[in-house]
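Peer 1: My questions all concern the structure below.
The values are calculated or read from the model by the stated rules, or taken from the named source; none is laboratory data. Note that this is a predicted model, so its numbers are computed, not measured. With ideal geometry, Cβ positions are generated from the backbone for all residues, glycine too; neighbour counts draw on all protein chains shown.
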Amino acid sequence: MGAMMGAGVGLTIGFIFGSYSIIRGGSGPRGFIVTLSQYMLSSAATFSFFLAIGSVIRNDSILPPRMEAARLQLLSPAIRSREEGAALIKARWETEKRQH
């Protein structure tokens, strides 16, 4: 995911800075398209490399149990199976019955 995000950001930044450089200094002997694509691809490769490393570092460890429970509670119901949803509803009903 980090690599895809980095590639998108890199292509955009490469387009902006490449266009500015071409407008300011000319496209050079290879032409407009080749020069602009070189800016965009080099920027995309650099950004995707660093964002991929960052996403691996951030997702390297297993979540502690309390964080995993919080993550499961915040998932949208469409992602859970019917059995998980039914078990969750039954558990909530049981806790409400005990409270009253």
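Peer 1: Within the chain, considering only helices (runs of 4 or more DSSP H) that don't extend past its boundaries, which have at least 3 residues that are of a type in the set (Ser, Thr, Tyr) and at pLDDT 90 or above?
Peer 2: On the way: elements: 2-25, 32-58, 65-74, 82-99.
So the answer is 2-25, 32-58.
Peer 1: In this structure, does residue 69 turn out to be surrounded by 15 or more Cβ atoms within 10 Å (Cβ to Cβ) and small (Gly, Ala, Ser)?
Peer 2: Details: surrounded by 15 or more Cβ atoms within 10 Å (Cβ to Cβ): no; small (Gly, Ala, Ser): yes.
Answer is no for this residue.
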